[in-house]
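To start, the structure itself, in structure tokens.
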Amino acid sequence: MKKVGIFFMMVLLAAGTVFATGSKDADSGKKKIVIGALIRNLNETFVRDYADNLQKLADENNIELKLLDGNSLVATQLDQLNTLLTQGVKYFVIIPQDTSATEQMAKAINARGGGAAFSNIQPSVAALKVGSNFYFASSPETVAGDIQAQIAANYFKNYPDRAPGNVINMILIEGQLGHPAQVSRKKGLMEGLARRGYNVNLVAEDTANWQADQAQSKMDAWVAAHAGKFNLVIAQNDDMALGAIESLLTNKYTDDPADPTKDVDGDGTVLKVPVIGVDATETGVQSMKEHKMYATVLQDSVGQSSTAFELMYQCAATGSAIGYTTKAGLSAATKVTDEDPVTDPSILAQCYLVPFKAITRD
């Protein structure tokens with residue numbers, strides 16, 4: 001009986017070890033790598049595309065992915081992190097709710113000997129300094145705004161009569177106020193237009209919280225109040241741009257109110273003014289093909305999620321991703337910028353910057 005008791009004790013201990021570190025692959029007998037994915041919400045097209053690619057990569061690489069939706073709540077995401085940590089998950093891909101929570105998350109993960117790759121919402125410099133297995137795998141948001149500025153400048157260069165005196169009367173539809181992308185994209189946009197010689201008058205500016213329906217409602221009110229007084233609409237993501245476009249179409253703010261499919265003046269849009277977004281979502285690109293949205297900026301959900309996934313795979317498989325070059329050829333940053341967390345030279349090896357790209361009809 002004593003030997004039997006010891007045997008069962010050993011079985012239970014072995015089972016506990018498997019639970020704590022991950023399930024075993026039935027074919028190889030090796031422990032299956034488990035990665036946690038903490039996603040701030042799945043209501044935005046970009047974020048859904050990011051999560052879908054994570055799942056695709058996990059399936060292709062025989063990795064167990066525990067993906068959780070934080071529903072835009074910091075407390076929920078922290079609870080989800082603690083739950084996965086107690087289940088033995090050590091490596092995470094995170095789109096955090098808020099930059100301010102990232103250091104706390106990194107410390108909790110580091111205490112278990114793990115690591116994380118943060119995307120979309122920047123981690124703090126302090127979060128990356130928690131340990132060398134914490135990474136930034138995202139795109140510099142000021143660049144997205146600057147690319148929007150370049151697209152707008154090119155438009156008005158081709159049609160100078162639509163911005164007399166290099167004056168742009170803009171409607172700006174922003175994401176959640178205080179969100180790093182909202183702040184940095186506006187900064188990049190305004191500085192980019194000024195650098196290119198344009199004076200900007202903000203006819204109207206407000207948040208639509210990244211949502212198409214909120215943008216459409218805001219645009220309805222602005223068309224009623226400011227028709228004929230604006231020559232550009234900038235939205236900080238494609239969903240909001242599409243909401244604004246739907247409003248403009250509904251209100252017949254088009255080249256030909258009798259036929260909203262006609263690009264009468266051949267400027268690339270059926271609307272009276274160009275609407276420029278960010279993300280290059282499938283629906284956004286389709287809108288461009290229909291000559292509705294004028295242009296967008298590719299925020300590469302596949303590039304960001306693939307980079308984050310590969311970094312965590314490397315950490316789980318080899319213990320570190322420092323010095324790693326992704327399958328797409330992306331290496332860590334080598335120069336500081338003016339946008340956190342790439343402002344501190346001591347953590348450049350942990351920062352992987354996925355480039356933005358202008359998407360135009362040219």
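Per the conditions (1) touching a strand residue (DSSP E or B) at 6+ places or on another chain (Cβ under 6 Å); (2) outside any helix (DSSP H, G or I); (3) of a type in the set (A, V, I, L, M), the sole criterion not satisfied by V130 is (1).
When S247 is tested against (1) in contact (Cβ under 8 Å) with a residue 24 or more places away in the chain; (2) in a loop (DSSP other than H, G, I, E, B), exactly one condition is not met: (2).
Residues of region 338-355 that are open to solvent by 50 Å² or more (accessible area, probe 1.4 Å) and within 12 Å of V125 (Cβ to Cβ): D340, T343, P345, S346. Scanning region 233-265 for residues that are charged (D, E, K, R) and over 21 Å from A208 (Cβ atoms) turns up K252, D255, D256, D259, K262, D263, D265.
Evaluate the following for Q286: is it part of a helix (DSSP H, G or I), farther than 27 Å from Q150 by Cβ and open to solvent by 20 Å² or more (accessible area, probe 1.4 Å)? No. From the list V34, V125, which residue is at pLDDT 95 or above and in contact with a Pro (Cβ under 9 Å, 6 or more places away or on another chain)? On inspection, the qualifying residue turns out to be V125. Once region 289-314 is narrowed to residues that are open to solvent by less than 10 Å² (accessible area, probe 1.4 Å) and of a type in the set (A, V, I, L, M), the residue that is nearest to F92 (Cα to Cα) is M312. Checking each residue in region 56-72 for being open to solvent by 20 Å² or more (accessible area, probe 1.4 Å) and not in a loop (DSSP other than H, G, I, E, B) picks out K56, L57, D59, E60, E64, L65, K66, L67, L68, D69. Would you check if there is a residue in region 77-84 being free of Cβ contacts under 8 Å to residues at least 12 places away in the same chain, surrounded by fewer than 20 Cβ atoms within 10 Å (Cβ to Cβ), more than 23 Å from K129 (Cα to Cα) and not charged (D, E, K, R)? Within region 77-84, one or more residues are free of Cβ contacts under 8 Å to residues at least 12 places away in the same chain, surrounded by fewer than 20 Cβ atoms within 10 Å (Cβ to Cβ), more than 23 Å from K129 (Cα to Cα) and not charged (D, E, K, R). Restrict the check to region 31-46 and report whether at least one residue is touching a residue at least 60 places away in the same chain (Cβ under 8 Å), within 30 Å of Q182 (Cβ to Cβ), among the small types (G, A, S) and surrounded by 16 or more Cβ atoms within 10 Å (Cβ to Cβ). Scanning region 31-46 turns up no residue that is touching a residue at least 60 places away in the same chain (Cβ under 8 Å), within 30 Å of Q182 (Cβ to Cβ), among the small types (G, A, S) and surrounded by 16 or more Cβ atoms within 10 Å (Cβ to Cβ).
Taken over region 270-283, the criterion of being in a loop (DSSP other than H, G, I, E, B), within 17 Å of L232 (Cα to Cα) and touching a Ser or Thr at 6+ places or on another chain (Cβ under 9 Å) is satisfied by V270, K272, G277, V278.
What do you reckon, is D69 charged (D, E, K, R) and more than 21 Å from the chain's Cα centre (by Cα)? So D69 fails the test.
Scan region 37-55 and give yes if some residue there is outside any loop (DSSP other than H, G, I, E, B), more than 17 Å from the chain's Cα centre (by Cα) and either at pLDDT 95 or above or closer than 21 Å to F134 by Cα (or both), otherwise no. Checked region 37-55: no residue is outside any loop (DSSP other than H, G, I, E, B), more than 17 Å from the chain's Cα centre (by Cα) and either at pLDDT 95 or above or closer than 21 Å to F134 by Cα (or both).
Please go through region 115-124 and pick out each residue that is outside any strand (DSSP E or B) and either crowded, with 24+ Cβ neighbours inside 10 Å or among the acidic types (D, E) (or both). Across region 115-124, the qualifying residues are S119, N120, Q122, P123. Every condition in (1) in contact with a strand residue (DSSP E or B) (Cβ under 8 Å, 6 or more places away or on another chain); (2) of a type in the set (S, T, Y); (3) assigned to a loop (DSSP other than H, G, I, E, B) holds for T325 except the one numbered (1). Residues in region 242-283 that are open to solvent by 50 Å² or more (accessible area, probe 1.4 Å) and polar (S, T, N, Q) were compared, and the one that is nearest to Q150 (Cα to Cα) is T283.
Beta carbons closer than 6 Å, at least 6 apart along the sequence or on distinct chains, pair a first residue in region 326-345 that is within 19 Å of M312 (Cα to Cα) with a second that is assigned to a loop (DSSP other than H, G, I, E, B) and open to solvent by 60 Å² or more (accessible area, probe 1.4 Å) for S331/T325.
Picking from residues in region 86-103 that are more than 21 Å from the chain's Cα centre (by Cα) and surrounded by fewer than 18 Cβ atoms within 10 Å (Cβ to Cβ), the one that is nearest to V34 (Cα to Cα) is G88.
The values are calculated or read from the model by the stated rules, or taken from the named source; none is laboratory data. Predicted model, so just to flag it, every value in this text is computed and none were measured. With ideal geometry, Cβ positions are generated from the backbone for all residues, glycine too; neighbour counts draw on all protein chains shown. Only protein heavy atoms, including side chains, enter the accessible area calculation; ligands, DNA and RNA are left aside. Shrake-Rupley method; radii C 1.70, N 1.55, O 1.52, S 1.80 Å.
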